[in-house]
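J.: My questions will all concern the structure given below.
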Amino acid sequence: MADNNEIKEVKLTAKDFATDQDVRWCPGCGDYSILAQVQRSFPDLVNVKKEDIVWISGIGCSSRFPYYMDTYGFHTIHGRAPAIATGVKISNPGLSVWVATGDGDLLSIGGNHFIHACRKNIDLKVLLFNNRIYGLTKGQYSPTSEKGKKTKTSPYGSVDFPFNPVSLALGAEATFVARCTDRDTKHMQQMIKRAADHKGIAFIEIFQNCVIFNDGAFDALTDKATKDDMLLYMEQGKPLLFGKNKEKGIKIDGAVPSVININENGNSINDVLVHDEFDLSPVRSTILAHLTDSTEFPTPLGVFRQIFRPTVDGEIERQIEEVTMKKGVGDLEKLLFSGNTWEVN
Amino acid sequence: MIKGKEFQNLTEVTVRFAGDSGDGMQLTGSQFSDTTAVWGNDLSTLPDYPAEIRAPSGTVYGVSGFQLHFGSMDVHTPGDRPDILVAMNPAAIRKNLPELKQGGIIIANTDAFDAKNLKLAKYDTNPLEDNSLLGFEVYPVPITSLTIKALENTKLSQKEISRCKNFFALGLMYWLYNRPLDQTIDWIKKKFKDKPEFIDANRNALIAGYNFGENTELFTIRYDVKPAQLPKGVYRSISGNEATALGCLAASVKSGLPLFLGSYPITPATEILQYLSNYKNFGVKTFQAEDEIAGITSAIGASFAGNLALTTTSGPGLALKSEALGLALMTELPLVVINVQRGGPSTGLPTKTEQADLLQAMYGRNGESPLAVIASSTPSDCFYMAFEAFRIAIKYMCPVILLTDGYLANGSEPWKIPHVNELPEIPVKFWTDKSTYQTYLRDEFLARPWAKPGTPGLEHRIGGLEKANITGAVSYDHDNHDLMVKLRDQKIKNIAKDIPDLVVDGDEEGELLVLGWGGTLGAITEAVIRLRKAGYKVSQAHLKYLNPMPANTEKVVRSFKKVLIPEINLGQLSKIIRSEFLIPVEQFNLVRGLPFKSMDIEEKIIDLLGGKI
Ligand SMILES: Cc1ncc(C[n+]2csc(CCOP(=O)(O)OP(=O)(O)O)c2C)c(N)n1
Ligand code: SF4
Ligand SMILES: [Mg+2]
């Protein structure tokens, strides 16, 4: 019977991932774009069934995300999404586990869980909605807000030095680290699919505009007039070029980066660093991560690094298999009656 | 046998081994316990070690002790006061003498009573030589030098040889209490299977100690403690932490669900994580998390994914888990949290016992956040209560806190091992039917369906925001919130219909009921038994279910003129009983980081009865 009943898999569409919930973000919020790109990319995920997808979030505007995805979802508590997702993934490695989180959620209250999920290389896909502000609590500075930022809790300007999420993830030994913006929808979809394909922790920092409390935070990067000079799209195996006519490039001398014009001063395209996401050395990805928010350099987008290391969820499975092969499937009766026993008659 | 060495029969003995943390006293004590258990005595143990791993040698605070009480009768406690103290150095005497019974025996390792150690123990003169131990039976034995002499021919270093002295002491104790050596010799063989020279050395030290007893003029009497009348069956000796781990494993086997433990090491709960890390071939997944919050939240994730979810900790860790406990009860996911209580507040007394987390377990969360709270009362009872915790968690889709304590965790007793087929099944049903599924649908127990990711068509969202009953959609509706607060409460209250009644031991009504909970069962029982024998009228009941309490609890407490609640805290159960049932309660509270002595409880009972028989 089953043979005759072969049902052709119908390809899902973005709509299949939408729920009946009203989306409650402010009109114009960058979160809408992220939701749309996720919904558009998900039908293309290979070998992932809809019922095997789980979205875990913490607390924040961004963490409302799971309510709008027609997958399994868990809106948890502030900062703990990576730890909850870790439990989901370890206990059922067959699931595709995604984390939606904000800059406060992931990097302030949840910083500890984040770095350990990176280090352990748990097979999670982490989307950081970085609006550089606490949205849900109405506009306090966050761990990614620039120093000097005036907010309700920093009326004279914040005195904190911010985290650079990409360099933090790299430093914590994440095996896939990428960045995109809420504006460049095609690029974001690419990054989402790349993350989905990565075996291990995949971290994407998404520059997300909060129209209410931090509007325009990324304008310089996204404005038509400036973006060619301000953004560096990194592509595997290609020289790191930017500028209106791709006339500028990143050169590295030792560990010191500089911007060169390939048409001037005897420079050529051969002087420009060729991007290698798979470079096992962390040096170049770290240098690139630090170009962020500089006046001298463009801000890189794309995949900074992708390396391969066993995942903790996979290793746990492997150990269970190995020990079971060696000792045989556990027998509780035997275990209870093992050790020093004696009989009372 | 040398003439004049007579056997004296005893029904019970309390022994305490004490020495430096590096002297191997825990090992010596547990070997003596194992041999004694196999010999057939009932027993109960109390390891008492400092928080420092290797406290400076010779100091009083560095003394590590191991007490055990064994007998030919039922043994309920590790013993109030030792009959005999094995003191490996002066500090051991300094620390333990106040506890020793008048006329008690001291076996002292004279080699350790040098000027330096005496000074460290704050003795101006050697207590073995001045008159300060008058009234005790002191046996000075040069344990270290006798060990060195016995091991003359080994290739071990001087330091390694002197490390064997605890086996000499153990051998001597085996002789004194007429126990066989083979159990310990087997253990030595296993332990040092790759180091034959250590097998010989330790075995020879053990035998030398035994022979010393036999040949010396020092001892003229040996003791015999006949086996106890225990119910038929196969026994093993079990500590509370091991029993807890096995109980969790049994729940996994009986529910057919893989066990997931998320935990962060903390004394005295760590061993549960250690034990469970061994059971990989049972499919157990242990995750040593980055902190206690990740311990519980990873377990919540595992529960959402359909595993049997567990987190283990002690007081400070439970505090860190509070917020996540709220999430588990709000999302109505099954979760077991085991809190091995230790002395608090804050870091408190990490290696000592206490019962002061009851109110934290009951109420330590934001919002109206009822969950089930149960407690183990003996080391082996930890097995059954861990199993019970999972049964409740799954049936009622709720978090359950199991309270044990440092005394139960480290103490051990003989356990009549149950057969796996005698344990009940734990039924689990995952929801699969798409057409009837609603996230907060309720069954007759008010439990919601458990639908795990991977099930086609049941994609749903849960979270910490208030949910509309039945549909599970986020709801800010005022009346719905009121309804949900009350439903969550009622669901926990319903558990009362599903647990055994509170049993009264003794008259069902009368003058005085001693009501206890948790690890104080042994001490209360011993006190009550002794007083009843002496003709006092006193009844006893012990709560294993704290939230909800058994349905007949009110009736029981109202059947007595007085209710005495002994607790190792300032009266936490007393508070609950008073406020639940509006009855006056007599408290007995000693918060010394130690289990109760039954004589303290006895005194209090006599006092309350006005000395009346
Ligand atoms: C334990 C706890 N502390 C504080 C809060 C309050 N809180 C909610 S969201 C948030 C910050 C959100 O910022 P972010 O993570 O950047 O998310 P966004 O709203 O910007 O998307 C805070 C402080 C909370 N819900 N729980
Ligand atoms: S407050 Fe900002 S981040 Fe939150 S929904 Fe509104 S625009 Fe988006
Ligand atoms: Mg934010």
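J.: So for the pair B:GLU511, B:GLU152, with labels modelled 7 Å out along Cα→Cβ, what separation do we get in nm?
T.: With each label placed 7 Å out from Cα toward Cβ, I get 6.6 nm.
J.: Next question, about the same structure. Take the stretch B:339-441, drop everything but the C-alpha atoms, weight them equally and run the Debye formula without solvent; then report log10 I(q)/I(0) at 0.17, 0.20 Å⁻¹ to two decimals.
T.: -0.92, -1.09
J.: May I ask for the Rg/Rh ratio of the stretch B:236-422, computed from Cα atoms with Rh as the Kirkwood radius, given to two decimals?
T.: Ratio of gyration radius to Kirkwood radius for the stretch B:236-422: 0.93.
J.: A further question follows. Would you work out the charge dipole size for the protein assembly as shown about its Cα centre, treating the Cβ of every Lys and Arg as +1 and the Cβ of every Asp and Glu as -1, and quote it to the nearest 20 debye?
T.: The dipole magnitude comes to about 180 debye.
J.: List every residue whose amide H lies under 5 Å from the amide H of B:LEU546, counting only residues 5 or more places away in sequence or on a different chain, with H placed 1.01 Å from N in the peptide plane.
T.: For B:LEU546, whose amide H was placed from the backbone, the distant partners under 5 Å are B:VAL373, B:ILE374, B:ALA375.
J.: Now a separate question. Give me the compactness ratio for the stretch A:121-255, meaning the Cα radius of gyration over 2.2 N^0.38 Å.
T.: Compactness ratio reported: 1.15.
J.: For the stretch B:225-266, just the Cα set please: Rg and Dmax, both in angstrom.
T.: When restricted to Cα atoms, the stretch B:225-266 yields Rg and Dmax of 15.5, 45 Å.
J.: Next question. Work out the charge dipole of chain B with +1 on the Cβ of Lys and Arg and -1 on the Cβ of Asp and Glu about the Cα centre, then indicate which of B:VAL585, B:GLY348, B:ASN41 is farthest towards its positive end.
T.: B:ASN41
J.: Next up: 222 nm [θ] for chain B, helices only, -39500 (n - 2.57) per DSSP H run of 4+, per residue, to 500?
T.: -10500 deg cm²/dmol
J.: Here is a further query. With +1 on each Lys and Arg Cβ and -1 on each Asp and Glu Cβ, how big is the dipole of chain A about its Cα centre, in debye rounded to the nearest 20?
T.: 540 debye
J.: Going by Cα centres, the stretch A:105-160 and the stretch A:239-279 are how many Å apart?
T.: Using only Cα atoms, the two centres lie 32 Å from each other.
J.: Of B:ASN241, B:ILE188, B:THR216, which is farthest along the charge dipole of the stretch B:184-249 in the positive direction, counting Lys and Arg as +1 and Asp and Glu as -1 at C-beta?
T.: Sorting the options by dipole projection puts first B:ASN241.
J.: What span do the alpha-carbon atoms of chain A cover on each of the three principal axes, reported in whole Å from largest to smallest?
T.: Cα spread of chain A along its principal axes, largest to smallest: 95, 56, 47 Å.
J.: Using only the alpha-carbon atoms of the stretch B:510-608 as identical scatterers, what base-10 log of I(q)/I(0) does the Debye formula give at q = 0.13, 0.22, 0.23 Å⁻¹?
T.: Each listed q maps to, in turn, -0.40, -1.19, -1.30.
J.: Using the Cβ atoms and a cut-off under 15 Å, what net charge is assigned to the surroundings of B:PRO258, where Lys and Arg are +1 and Asp and Glu are -1?
T.: So the environment of B:PRO258 carries a net charge of +2.
J.: Once you have the Kirkwood Rh of chain B from its Cα pairs, apply Stokes-Einstein at 4 °C and 1.567 mPa s and quote D in µm²/s.
T.: Taking Rh from Cα pairs, D becomes 50 µm²/s.
J.: Give me the accessible area buried between chains A and B, both sides summed, with a 1.4 Å probe, in Å² rounded to the nearest 100.
T.: Buried area (both sides, nearest 100 Å²): 5200 Å².
J.: At 1.4 Å probe size, with every protein chain present, just tell me what the per residue accessible area of the stretch B:6-225 comes to in Å². Before the final figure, lay out the partial values.
T.: Numbers: 9290 Å² over 220 residues.
Computed with neighbouring chains in place, this is 42 Å² per residue.
J.: If you don't mind, another one. Can you grab the distance from the C-alpha centre of the stretch B:102-137 to the C-alpha centre of the stretch B:418-470, Å, no decimals?
T.: Taking the Cα centre of each part, the stretch B:102-137 and the stretch B:418-470 sit 65 Å apart.
J.: Please report the net charge: other residues with Cβ closer than 13 Å to the Cβ of B:MET484, K and R +1, D and E -1. Walk me through the numbers on the way to the answer.
T.: On the way: positive: B:ARG442, B:ARG448, B:LYS467, B:LYS486, B:ARG488, B:LYS491; negative: B:GLU332, B:GLU368, B:GLU466, B:ASP477, B:ASP479, B:ASP482, B:ASP489.
Net charge around B:MET484: -1.
J.: If you bin every alpha carbon distance in the stretch A:110-166 into 5 Å steps from zero, what whole percent lands in each bin?
T.: 4, 17, 23, 20, 15, 11, 6, 3, 0
J.: Return the distance in nm (one decimal) between the two label points of a simple spin-label model at B:ASN215 and A:LYS11, each offset 7 Å from Cα along Cα→Cβ.
T.: Between B:ASN215 and A:LYS11, the label points sit 9.2 nm apart.
J.: Work from the charge dipole of chain A (Cβ charges, +1 for Lys and Arg, -1 for Asp and Glu, about the Cα centre) and give the residue of A:TYR32, A:CYS118, A:VAL274 farthest towards its positive end.
T.: Highest projection toward the positive end goes to A:TYR32.
J.: Quick one: with all protein chains in place, what share of the accessible area of chain B is carbon or sulfur, to the nearest percent (1.4 Å probe)?
T.: 53 percent
J.: Average the reciprocal distances over every distinct pair of alpha-carbons in the stretch B:1-44, invert the result, and give the Kirkwood radius in Å.
T.: Computed over the stretch B:1-44, the radius equals 12.7 Å.
J.: Over the Cα atoms of the stretch B:6-225, each weighted equally, I'd like the Debye log10 I(q)/I(0) at q = 0.14 Å⁻¹, rounded to two decimals.
T.: Each listed q maps to, in turn, -0.83.
J.: Taking accessible area as the heavy-atom solvent-accessible surface of the protein chains with a 1.4 Å probe, which residues of the stretch B:27-49 lose no less than 30 Å² upon going from the isolated chain to the full protein assembly?
T.: For the stretch B:27-49, once contacts with the other chains are taken into account, B:VAL38 lose 30 Å² or more.
J.: Based on the Cα gyration tensor of the stretch B:405-461, what are the three equivalent ellipsoid semi-axes, each the root of five times an eigenvalue, rounded to whole Å and given largest first?
T.: Over the Cα atoms of the stretch B:405-461, the semi-axes work out to 39, 15, 12 Å.
J.: Going 7 Å from the Cα of A:ARG318 toward and past its Cβ, which residues in the stretch A:168-189 have a backbone nitrogen under 20 Å from where you end up?
T.: A:173-176
J.: Cα convex hull of the protein assembly as shown: mean projected area in nm², to one decimal?
T.: Here the figure is 49.7 nm², rounded to one decimal.
J.: Moving on to the next point. For the protein assembly as shown, give me the percentage of DSSP beta bridges that are antiparallel, rounded to the nearest 5 percent.
T.: 35 percent
J.: Also, quick follow-up: Note the direction-averaged projected area, equal to a quarter of the hull surface, for the Cα convex hull of the stretch A:221-299, in nm².
T.: For the stretch A:221-299, the mean projected area of the Cα convex hull comes to 5.3 nm².
The values are calculated or read from the model by the stated rules, or taken from the named source; none is laboratory data. This structure is a prediction, so every number in the text was calculated from the model and none was measured. Virtual Cβ from ideal backbone geometry, glycine too; neighbours counted across all protein chains shown. The area values use the complete protein model at the heavy-atom level, side chains included, leaving out ligands, DNA and RNA. Shrake-Rupley method; radii C 1.70, N 1.55, O 1.52, S 1.80 Å.
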